[in-house]
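Colleague: Starting off with a structure, shown below.
The values are calculated or read from the model by the stated rules, or taken from the named source; none is laboratory data. This structure is a prediction, so every number in the text was calculated from the model and none was measured. All Cβ positions, even for glycine, are placed from backbone atoms using ideal geometry, and neighbour counts span all protein chains on display. The accessibility values were calculated without ligands, DNA or RNA, using every heavy atom of the protein model including side chains. Shrake-Rupley method; radii C 1.70, N 1.55, O 1.52, S 1.80 Å.
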Amino acid sequence: MKILITSGGTKIPIDQVRHIDNMSSGTFGSRIAIEALNANHDVVFFKRKNSKSPFQYSTNLYTSKLYTDKLSVCEDLSELIIRYNKYANKYSEYEFETFDEYRTELLALINKTNPDVVILSAAVSDYGIDYVDGKIRSKNALKLQLIPLSKVINEIKKKYPMVKLVGFKLLVNSTKEELISAAVESIEKHNCEFVVANDLSNMKKNNHSIYLVSKSEVKYYESDKNDANFLAKVIINKL
């Protein structure tokens, strides 16, 4: 299959020097892309600029290892080189930064690459703002009027009905029932194959867990301390 994966968060510019952002670093999306490649799928990776990708090596991630565990650093680099040599011809990467770039370029990218599946793991902004072309003066109190943005997932299915969608639903301090209900609503509204539902409070406790919710079943999975990519594998296996 050819799988298009979105990853990272979108930015909403306020003026030329300020913006509204979210906390997504693209870690989970990158892991999903790695497991899709490991399963021999073609991957189109649409990521936020400077967010993580399957072929990225950042010295910042390993600063503490450089003096304490040089062997571990060498193993990480070796794994990255092997992955690149094995899968580079099955992988393409594109970038976005703002919500408007994400929306416009994602729809164009689907048209260009013709994927079988689109996995929407990016953290997409729900609200926008009227952009100021300049710099808002900062000496006075300021109120910002947030404007609900259109759901890009709705546009995908309308324009490309044959594409299979995998959606994501993130809640905070939710119950199991609330999380599953939100996922089911998303399936019905957006015609997803299944939805990956999780709660931010669990992620912050380093206890990442997900529900895979489809029209026919709900399955629960917890992260594996011995395999950082376990939940990503679960998603790819579900496809």
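Colleague: Roughly how big is the chain's charge dipole about its Cα centre, with Cβ charges of +1 (Lys, Arg) and -1 (Asp, Glu), in debye to the nearest 20?
Modeller: 240
Colleague: As a test question: what accessible area, to the nearest 10 Å², does residue 79 have when a 1.4 Å probe is rolled over all protein chains in place?
Modeller: Looks like 100 Å² after rounding.
Colleague: To continue, here is another question. Report, in whole Å, the centroid distance computed from the Cα atoms of the stretch 200-239 and the stretch 1-24.
Modeller: A separation of 23 Å, based on Cα centres.
Colleague: Excluding residues fewer than 8 places away in the same chain, name every one of the aspartates and glutamates whose C-alpha is closer than 13 Å to that of residue 157.
Modeller: 116, 188, 193
Colleague: Right, next: Once you wrap a convex hull around the alpha carbon atoms of the stretch 79-213, what is its projected area averaged over all directions, in nm²?
Modeller: Hull-based average projected area comes out at 12.5 nm².
Colleague: What number comes out for accessible area per residue over the chain if the probe is 1.4 Å? Units Å², please.
Modeller: Result: 58 Å² of accessible area for each residue.
Colleague: Which of 11/238; 112/219; 52/139; 164/233; 135/189 have a Cα-Cα distance over 28 Å?
Modeller: Cα-Cα > 28 Å for 11/238; 112/219; 52/139; 135/189; rest within.
Colleague: Can you give the accessible area of residue 231, probe radius 1.4 Å, in Å² rounded to 10?
Modeller: 10
Colleague: For the chain, with equal point scatterers placed on the C-alpha atoms only and solvent neglected, what are the log10 I(q)/I(0) values from the Debye formula at q = 0.09, 0.14, 0.16 1/Å, to two decimals?
Modeller: With one equal scatterer per Cα and no solvent, log10 I(q)/I(0) is -0.42, -0.99, -1.24.
Colleague: Please work out how much accessible surface residue 164 shows to a 1.4 Å probe, ignoring ligands, DNA and RNA, in Å² rounded to 10.
Modeller: Counting only protein heavy atoms, residue 164 exposes about 100 Å² to solvent.
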